[in-house]
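Only the coordinates and a few stated rules stand behind these numbers; no lab work does. These numbers come from a predicted model, not from an experiment. Here the Cβ is made from the backbone with ideal geometry for all residues, glycine too, and neighbour counts use every protein chain on show.
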Amino acid sequence: MPGAAVSFPLLAFLVLSCLLALFPIPSSGDYSCPSSPSSSCSNVTVSYPFWLPDEPDQIMNSYCGYQSFMLSCQSHIPILRLGDDSYRVLDINYADRSISLVDEDTYSRALDDYCFRVWRNVSLGPNTRLAYTNADANLTFFFNCNDNDSRWSDNQIRCLQHDGAKGNRSYIFSEISNENSLPRNCAEVVVSPALQSSVSDSSATLLAVKYAEILKNGFELYWTGDNAGTDCAYCERAGVIVGVVIACLFLIYLVKDQAIQAFILQYESTIPKRYNYTEIKRMTKCFGDKLGEGGCGSVFKGSLRDGRFVAVKILSETKGNGEEFINEVASISTTSHVNIVALLGFCLEGSKRALVYEFMSNGSLDKFIFNKNLNMEDSQLSWEKLQDIAIGIARGLEYLHRGCKTRIVHFDIKPHNILLDKNFCPKISDFGLARMCLRKGSIISTIAMRGTPGYIAPELFSRSFGTISSKSDVYSYGMMVLEMVGGRKNFNASLDTSSQKYFPHWVYDNLDEYCNLKISGMSSETEEIARKMIVVGLWCIQTKPENRPSIGMVVGMLEGDIRALQMPPKPELY
């Protein structure tokens, strides 16, 4: 419909022009809402984008302000809620878009006691528009530590130690340059923000004495977001309130990518923390430690404010309308399983997209099974460990196929997308090509071929082989298991030389010979593991989906007796 393609942009232009005429936008230097009523609580002026719900003239601000910026005036004290915690508002600077806060519990205790234990970290919450400023610094507390090192003598909070008892020493640090030089055996670590000016003027000894006073002075946040774009005085007219809300929603629909908005609305209650791009740069130290690069972007090592290491995946800006980004966040945010990598947060800011994952210290599986310089005896991956990894991956897939609220088909199972933690526990990652579907039914419709060459199931090439379903993941899994056993990629099925012949076909015809050569001098239990993995892998790569086992059956086959397994038909070439 060519006409529709022309008229839609024209309609958008006309609507936008009318809105600009009705609601003139203030100059860029004026951030405040010009006619927004203001009120006060104690000595703090409350105006856009903050609002008080109990003031008659502030009802309007719930529309023109930010919903999460509602303040409450409790006993003449302005309070802002962040998550489940209450923060006293010390000051609001509308020109700088900054707000000074202090944890209400910390403030109350600091008034009466110069020596107390800080009980909780400051959390800004997943949906806030607030972020830390350069005026902030972190105070890191280590409570009830067994360690006693002369290096930390100046950092010890001596008033918290009772009777010199071992195991209850507490320390405070303002700068952490080397994590290995910090106390290790502590009951709790708490990180609290404070004003940089107060912290930088204090030595370590002074910090340990007057930290209560420093915390009482609070910390500073700035808020993000553009001008509301309307004169809030219009909101006094009931009819215009409805019109402004509808117009804003319509403009958002036009300007924002429709798929991204649908995702955020649908998964608002389940998606992880949303970071802004400045926070992503801060946690990766401006992308200084690159872990690797894939087809969807680069991965960098980073750390959160609580000290946890993370892997930050920066998606390429050339990935169209963000379909892979939406799929990955939607897929993994609904999962919770020991064999699925945990998504801790994401960033969606214009064309900038990032995913924040838990950090896997041993990297991906491929660097272990394709390393030509390692044989099985030298590798940390014994045959028993390889079997455990294969079973763990199968359990993770079984959870995706059957255990989630919605079924998820990954479509890109391969060694590169299997991450290993410090104990070599496998975790499935990279959900960029995944598809979510209702639990009822098993057939999946997809337009384009999805996956990595060498792991793509035949039905994704041609529907003549069968329908696309979770069995497509089983095929990829089988190819990966055979690579784990063979230590080489299975990509080329047309090679004829004995040294390079397509491994699945060669091992099918020479299973006994392979086991005798590959596992020479090993125990019968080890040989059984190798045979079992090969037979299971061959079952999984059957050409027709109906001939492959379900992933649940695969788990049972790997955990069962090799004598219960029959040799499958030889996989056909396609």
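Per residue, the average separation of C-alpha pairs within less than 8 Å and at least 6 apart gives the stretch 39-223 a relative contact order of 23 percent. Taking 7 Å steps out from each Cα toward its Cβ at Leu511 and Lys570 produces label points 1.4 nm apart.
Please sort 110-121, 132-143 by packing, taking for each peptide the average over its residues of neighbouring beta carbons within 10 angstrom, highest first. Walk me through the intermediate numbers first.
Numbers: 110-121: 14.3, 132-143: 18.3.
Result, highest mean first: 132-143, 110-121.
With r as the distance between the Cβ atoms of Cys115 and Ser150 and R0 = 35 Å, compute the FRET efficiency 1/(1 + (r/R0)^6) and round to 0.05. Please report the intermediate quantities before stating the final value.
On the way: r = 23 Å, r/R0 = 0.64.
Here the calculated transfer efficiency is 0.95.
Take each peptide in 459-471, 345-357, count the other Cβ atoms within 10 Å of every residue, and average; sorted highest first, the result is 345-357, 459-471.
Once you've got the Cα coordinates, tell me which of Lys281/Lys352; Lys367/Lys427; Lys385/Lys471 are over 20 Å apart.
Where the Cα-Cα span goes over 20 Å, the pairs concerned are Lys385/Lys471.
Quick check on packing: order 148-154, 100-106 by the mean number of other C-beta atoms within 10 Å, highest mean leading.
On the way: 148-154: 12.9, 100-106: 20.6.
Descending packing order for the listed peptides: 100-106, 148-154.
Given a Förster radius of 41 Å and the C-beta distance between Ser361 and Ser40 as r, what FRET efficiency does 1/(1 + (r/R0)^6) yield to the nearest 0.05? That gives a FRET efficiency of 0.20. Taking other C-beta atoms within 10 angstrom as a stand-in for reagent exposure, Leu221, Leu304 fall in the order Leu304, Leu221, fewest first. Pairs of Cα atoms in the stretch 39-223 fall into 10 Å distance bins, from 0 up to the last occupied one, in shares of 9, 34, 30, 17, 8, 2, 0 percent.
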